[in-house]
Amino acid sequence: MHIILVSAECAPVAKAGGLGDFVQGLARELTHCGETVEIMLPYYDVLRTTELHDLHEICADLRVPFNQHHLTCRVFNATLTGVNCVFFDPQSPQGFFQRGRIYGETDDAERFAFFARAVLEFILNSKRQPDILHCNDWHTGLIPVLLYEIYQALGMNRTRVCYSLHNLGYQGQVSAELLQQVGLEPRRLLQADRLCDPHDGRQANLLKGGIVYSNFVNTVSPRYAWEIQHTEQGMGLQPLFKTHAHKFGGILNGIDDAIWNPDCDPLVPQPFNINTLPHKALSRQALRTQLGLQTDSKPIIAIVSRLDHQKGVALMAHGIRTALANNSQVVLLGTALDPVIAAQFAQLKQETLSNPDCHLELGYNEQLAHLIYAGADMILIPSLYEPCGLTQMIAMKYGVVPVVRRVGGLADTVFDANYSEQPFELRNGYVFDELSAAGLDSALLRAIGLWHAYPEYFRQLRVNGMAYDFSWRQPAQRYLDIYRQLATTV
């Protein structure tokens, strides 16, 4: 099959979060399965082109219908870890993708609407006609709409669409005028059963459009799929999921074990696995040395996360203080886009600056992330909601015991050491339900207590987590099954 993944992100060339890891990991595994795979992305000025091989221009003047005119777009081609990639560089007066970052612009909707139209125009003109277009999040929500409203009549009637929802917190609410800009009819589409936003009937909802017009829709964990249908996590789209339940499901993400694997990780002092777990001590000491922590008989509790509301920043701050007050060390690696949250963690960093058991790194450093996973004993993930979460999977691969809130993909992957119904050999962490300091403490203090009092039991939790297969092999096979079913459906 010919599969094209369309996304705003792909690690490591353009990554802002888990979406980038998803696209890279799934594309690599599908390629290993023998499928023809392409990734299509905007050509950002912050694109890490050093990660690409044989980057070259393949079209100098793709003419894309936009805003009642044609906007010229340059198209580039390259390979990324063996996967073919196509990049779109619009020659727009606004410099759509020349902003020094991927997201966060006031005209994000317009930028990605153009990208959606450019992708389909390029596919049409290059006569690619893929079997599957796999779109992701609101940035590509217009692609299935445009495909069925415009491009099917132009000959693209064989292509089917799989649409993955990574975070319903961002839905792409836009004015009706944006639909006109890409050649769609607002009056026809601003209906309750199409793109009309459930929160504001005067606006279009691009995520909703992708759901309505796609052939199959999925979230990135079974638990999150249930939550967005039956709880407030659906964020106003619960009735829509009920209507489209026949084409909706949840598929747990994987992690790329060619990158996240302590047994062959070049960024750790000495590789280790289940059978050589004592070697992890070298990473623990290297982490302490690099970050200026004292050498002591205390567990290292890590936080590796975006610092935003969804991730439970208030509980993170509480967890740091609880850990430090209970004979533990803390390492945090994270960035905040919200200036209020950034200021709060800058203040917390100042408060703990002289504490030899604490280091807060307010930024992102890929090499340091590897060392933290390799050296830490526990990782704290107190999310308000979590569609999938890769952090807990990566952590377990490196022998780190997760302490998490039971939501989304965290609930699908972490099973409480004391209270899970799973057999002991499948229990791998600590879980709490209540969104409160007391709830977090109920799990974190049990984990710290076990580390100090019963080290052999704690070691077994490490081993249990390391034994899980969180690779992309099984998820990729599930996507292939869906693609094949879609491709044979008329």
query: Would it be correct to say that residue 430 is assigned to a loop (DSSP other than H, G, I, E, B), of a type in the set (Ser, Thr, Tyr) and closer than 24 Å to residue 316 by Cβ?
result: no
message: Being touching a strand residue (DSSP E or B) at 6+ places or on another chain (Cβ under 7 Å) and outside the structural domain of residue 394 (by TED's automatic domain parsing) narrows it down to one residue among 189, 184; which is it?
response: 189
- prompt: Here are 108, 21, 45, 61: which of them is among the charged types (D, E, K, R) and surrounded by 22 or more Cβ atoms within 10 Å (Cβ to Cβ)?
  reply: 21
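If the requirement is being touching a Leu at 6+ places or on another chain (Cβ under 9 Å) and touching a residue at least 24 places away in the same chain (Cβ under 8 Å), which of these qualifies: 195, 190?
Only one candidate qualifies: 195.
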message: Exactly one condition in (1) part of a loop (DSSP other than H, G, I, E, B); (2) surrounded by fewer than 14 Cβ atoms within 10 Å (Cβ to Cβ) is false for residue 269; which is it?
response: (2)
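One line per residue, one yes/no per condition, for (1) in contact (Cβ under 8 Å) with a residue 12 or more places away in the chain; (2) outside the structural domain of residue 408 (by TED's automatic domain parsing):
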residue: 212; (1), (2): yes, yes
residue: 220; (1), (2): yes, yes
residue: 230; (1), (2): no, yes
residue: 236; (1), (2): yes, yes
residue: 243; (1), (2): yes, yes
residue: 250; (1), (2): yes, yes
residue: 261; (1), (2): yes, yes
residue: 280; (1), (2): yes, no
- request: Kindly indicate whether residue 426 is out of contact with any Pro (no Cβ under 9 Å at 6 or more places or on another chain), under 24 Å from residue 336 (Cβ atoms) and in contact (Cβ under 8 Å) with a residue 12 or more places away in the chain.
  value: no
statement: Considering residues that are within 21 Å of residue 398 (Cβ to Cβ) and buried (at least 20 other Cβ atoms within 10 Å of the Cβ), the number found within segment 299-345 is 19
message: Show me the strands (runs of 3 or more DSSP E) entirely contained within segment 129-193 in which 3 or more residues are of a type outside the set (Ser, Thr, Tyr).
response: 132-136, 160-165
- line: Considering only strands (runs of 3 or more DSSP E) wholly within segment 25-83, the ones with at least 3 residues that are more than 26 Å from residue 132 (Cα to Cα) are 69-80
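For residue 291, are the conditions met, namely being in contact (Cβ under 8 Å) with a residue 60 or more places away in the chain and surrounded by fewer than 22 Cβ atoms within 10 Å (Cβ to Cβ)?
Numbers: in contact (Cβ under 8 Å) with a residue 60 or more places away in the chain: yes; surrounded by fewer than 22 Cβ atoms within 10 Å (Cβ to Cβ): yes.
Yes, satisfied.
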query: Name the strands (runs of 3 or more DSSP E) wholly within segment 303-421 that hold at least 1 residues that are more than 29 Å from residue 471 (Cα to Cα) and of a type outside the set (D, E, K, R)?
result: 329-335, 358-361
message: Out of 6, 46, 23, I need the residue that is of a type in the set (Val, Ile, Thr) and touching a Lys or Arg at 6+ places or on another chain (Cβ under 8 Å). Which one?
response: 46
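The values are calculated or read from the model by the stated rules, or taken from the named source; none is laboratory data. Small disclaimer: the values here were computed from a predicted structure and weren't measured. Counting neighbours? That spans all protein chains shown, and the Cβs are built from the backbone with ideal geometry, glycine included.
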